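Data block below; observations after.
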Amino acid sequence: MGAQTDLVILGGGLAGGLAALAVGALRPEWRVTLVEAGERCGGNHVWSFFDSDVAAADRWLIDPLVVRHWGGHSTRFAGAERHLPMGYNSLTGEKLDAVLEERLPKGAILRGCAAVEVSASHVTLADGRQLETQAVLDARGASGFPGLKGGWQKFVGQMWRTAPHGIEKPIIMDATVEQRDGYRFIYVLPFAPDMLFVEDTYYSAHPGLEREVLAGRIADYVAGLGLKEAEIVHEEQGVLPVVAGGEIESYLAATRIPGVGRIGVRAALFHPLTSYSLPTAVETALAIARAPTLTALDALCESQARSHWREGAFFRLLAKMMFGAGQPERWHRVFERFYRLDEGLIAHFYAGRLTAADKLRLVTGRPPVPLGAAIATLMGGGNPLAGLDHPGNVGHDSLQPSIGSTTMSPSAGPRASGVLPS
C-alpha cells in the first residue's frame, strides 16, 4: 500500500500552487500532497495581473505571492504613448515556491517527482512510490488542445541586471518595434532600479518559435535603452494558444482521465485571446477549497471549464475575426485602436468580464478588418484557422506561465489583447 493522502495535486505551477494554498487555508483538515516534476514549484517564471483582474475579496490568496506592485503602466505605438493608472502586479516562481514551503505542512510538497501513472484513487511516481488518495487534480499544463482552433502568441522573456535604467512603471506593450510575422510588441517590467524583465512577444498563425531571433531582438532593445552594462539573469519562453473556435467537449473528452479533475491550462482555463490564466486560476482554486467534500472534484472542474468556455464566446469571435479575416501586417492597428478606448473597458477585457456595452463598443464603428473578409469568416470561410493539437508542451502551469523548452508561461501576465475595436 502506498502513502495515504486526501488530495494529490499534480503540477506546482500557478494553478496547482494556488489550489494547494487555497485548500491549505480553507480546508486544513484535508491532507494535501503537491507533486512537482521540477526542482522548484513555479519554475523560473513571471506572472502578472492588473488590480482589477482579481476580486478584492479574493486578493488574500494571491497577494502573498506578489513581489512588485506598480501604480500604473504605459503603452507605446507609433506616434502615440498612453499612461494608464491601472495598478499592476507581478509574482515569480521563486516566490510561489517559498510561500508553498512556508504554508503547507512539512512533507506536503514532493519536488523532482514526475507522475507516470494517474487514476482517481492513486498516483505512481517515476521513482516507484505510490500515493493512495481520495481525489486527484491535474495541473500539469497541456501538450496540445485537440478539438480547438485558432493561432498562437509566442514569446521569449529575459530578466536583465543592468545599470540604472530609469524606467519606473511597466510598459505593457511597446509596439514601436518592427512588425514581423503578425503583431509584435515588447513587454517591460522594471523590477528594481537595476533589474528589467524584457519580453519579445508576437501573435502568429503558426506555432514555430525562433528563440535565437527573439533573444537577439531583446538584446537590441536593451542596447537601444542605452544600457551597455547589462547581463541576463534568467530566461523563459512560450508558445501560447489563442482560441478562435472548436468544441470544448471534444477537448475535454480527448484529454480526460476518469475521475481526475483538471485545472489551469490543462482544463483550457485561460483567456481565449491573451492566453492569460491568473484570474481563472484564483477562481478555480477557491471553488475547489470551498467544495463540501472531496468527492466529485472532477465534475466540479469540468463544470468550471464549460462555464469558462461559454463566457469566452465573444473573445473567440474576436480571435476568429483577427486570424480569419485580418491581414497580419495590419494587426498592430487593431491593438493601437484598442488602447485608445476607455480605461474601464480595457480593465474588463483583461479580466474577461466585458459588459454588453463593452462588446457593442468593440464591434461598432469602422471595421478593423476588410468587410468582405469579415463576412466570409463569419460564414465559415476566410483564412483557415490552425488546429491547436500539437504546439509543443504548453502550460502556464506546468513548467510552462509566462516563459528553454516551448511552454506556456504568462506571463504570464496580461499579454496583448486580441480585440477588434472600431
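The values are calculated or read from the model by the stated rules, or taken from the named source; none is laboratory data. In this text the structure is predicted, and so the values were computed from the model without any measurement. Positions of Cβ are backbone-derived with ideal geometry, glycine not excepted, and every protein chain shown enters the neighbour counts. Ligands, DNA and RNA are stripped out before the accessible areas are found, and what is left, the full protein with its side chains, is counted by its heavy atoms. Shrake-Rupley method; radii C 1.70, N 1.55, O 1.52, S 1.80 Å.
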Practice problem: Run through the DSSP bridge list for the chain and note the antiparallel percent, rounded to the nearest 5. | Solution: 75
Quiz item: Based on the Kirkwood radius over alpha-carbon pairs, what value in µm²/s does the Stokes-Einstein equation return for the translational diffusion coefficient of the stretch 1-141 at 4 °C and 1.567 mPa s?
Solution: 79
Self-check item: For the chain, convex hull volume per residue from C-alpha positions, Å³
Solution: 128
Quiz item: Tell me, what % of the accessible area of the chain is carbon and sulfur with a 1.4 angstrom probe?
Solution: 53
Self-check item: Ratio Rg/Rh [Cα only; Rh per Kirkwood] for the stretch 267-349
Solution: 1.10
Quiz item: Assuming R0 = 45 Å, what is the FRET efficiency of Ala78 and Ala98, from their Cβ-Cβ distance, to the nearest 0.05?
Solution: 0.60
Quiz item: Taking 0.36 nm per intervening residue step and subtracting the Cα-Cα distance, what contour gain separates Glu168 from Asp220 on full extension?
Solution: 16.7 nm
Quiz item: Reachable lysines from Lys106, Cα under 23 Å, same-chain residues fewer than 8 places away excluded?
Solution: Lys95
Quiz prompt | Dipole of the stretch 34-175, positive end: most advanced residue of Gln158, Gly147, Val99 [Cβ charges, Cα centre] | solution = Gln158
Quiz item: Can you pull out the trypsin sites (Lys or Arg not before Pro) in the stretch 144-229 that DSSP calls coil and that have at most 11 other Cβ atoms within 10 Å?
Solution: Lys228
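For the stretch 123-199, what does the equivalent ellipsoid look like in terms of its semi-axes, each the square root of 5 times an eigenvalue of the Cα gyration tensor, given largest first in whole Å?
They are 38, 22, 10 Å, listed from largest to smallest.
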Exercise. Express the relative contact order of the stretch 258-360 as a whole percentage, based on alpha carbon pairs under 8 Å and six or more residues apart in sequence.
Key: 28
Quiz prompt | Estimated 222 nm signal from helices in the chain, with DSSP H stretches of n ≥ 4 weighted -39500 (n - 2.57), rounded to 500 | solution = -8500 deg cm²/dmol
Exercise. Kindly identify the stretch 303-364 as rounded, prolate or oblate by the Cα gyration tensor criterion: order the square roots of the eigenvalues as a ≥ b ≥ c, call it rounded if a/c is under 1.5, otherwise compare a/b with b/c, prolate if a/b is larger, else oblate.
Key: oblate
Quiz prompt | Subset of Lys169/Lys228; Lys149/Lys169; Lys154/Lys359 violating a 30 Å alpha-carbon distance limit | solution = Lys149/Lys169
Exercise. Express in nm, to one decimal, how much length is gained between Glu329 and Arg59 on full extension, taking 0.36 nm for each residue of separation and deducting their alpha carbon distance.
Key: 93.3 nm
Quiz item: Relative contact order for the stretch 111-186 using alpha-carbon pairs under 8 Å, separation at least 6, rounded to a whole percent?
Solution: 14
Practice problem: For the stretch 153-223, calculate the relative contact order in percent as a whole number, restricting contacts to Cα pairs under 8 Å that are 6 or more residues apart. | Solution: 36
Quiz item: Using the Cβ atoms and a cut-off under 9 Å, what net charge is assigned to the surroundings of Arg111, where Lys and Arg are +1 and Asp and Glu are -1?
Solution: -2
Quiz item: Counting other Cβ atoms within 10 Å, which GluC sites (Glu not before Pro) in the stretch 169-246 have at most 14 and lie in a DSSP loop?
Solution: Glu178, Glu210, Glu229
Quiz prompt | Taking the convex hull of Cα positions in the stretch 28-87, its mean projected area over all directions (nm²) | solution = 6.9
Quiz item: Once the piece of chain linking Asp342 and Asp389 is laid out straight, how much longer is it, given 0.36 nm per residue of separation minus the C-alpha distance between them?
Solution: 13.3 nm
Quiz item: How many percent of Cα pairs in the stretch 132-260 exceed 17 Å?
Solution: 65
Quiz item: Just going by the charge dipole of the chain, with Lys and Arg at +1 and Asp and Glu at -1 on Cβ, which of Ala80, Phe197, Ala108 is farthest out on the positive end?
Solution: Ala80
Practice problem: Write down the accessible area per residue of the stretch 121-169 in Å², having rolled a 1.4 Å probe over the full set of protein chains. | Solution: 36
Practice problem: Among Gly261, Thr293, Leu214, pick out the residue whose Cα is farthest towards the positive end of the charge dipole of the stretch 210-311, where Lys and Arg carry +1 and Asp and Glu carry -1 on C-beta, about the Cα centre. | Solution: Thr293
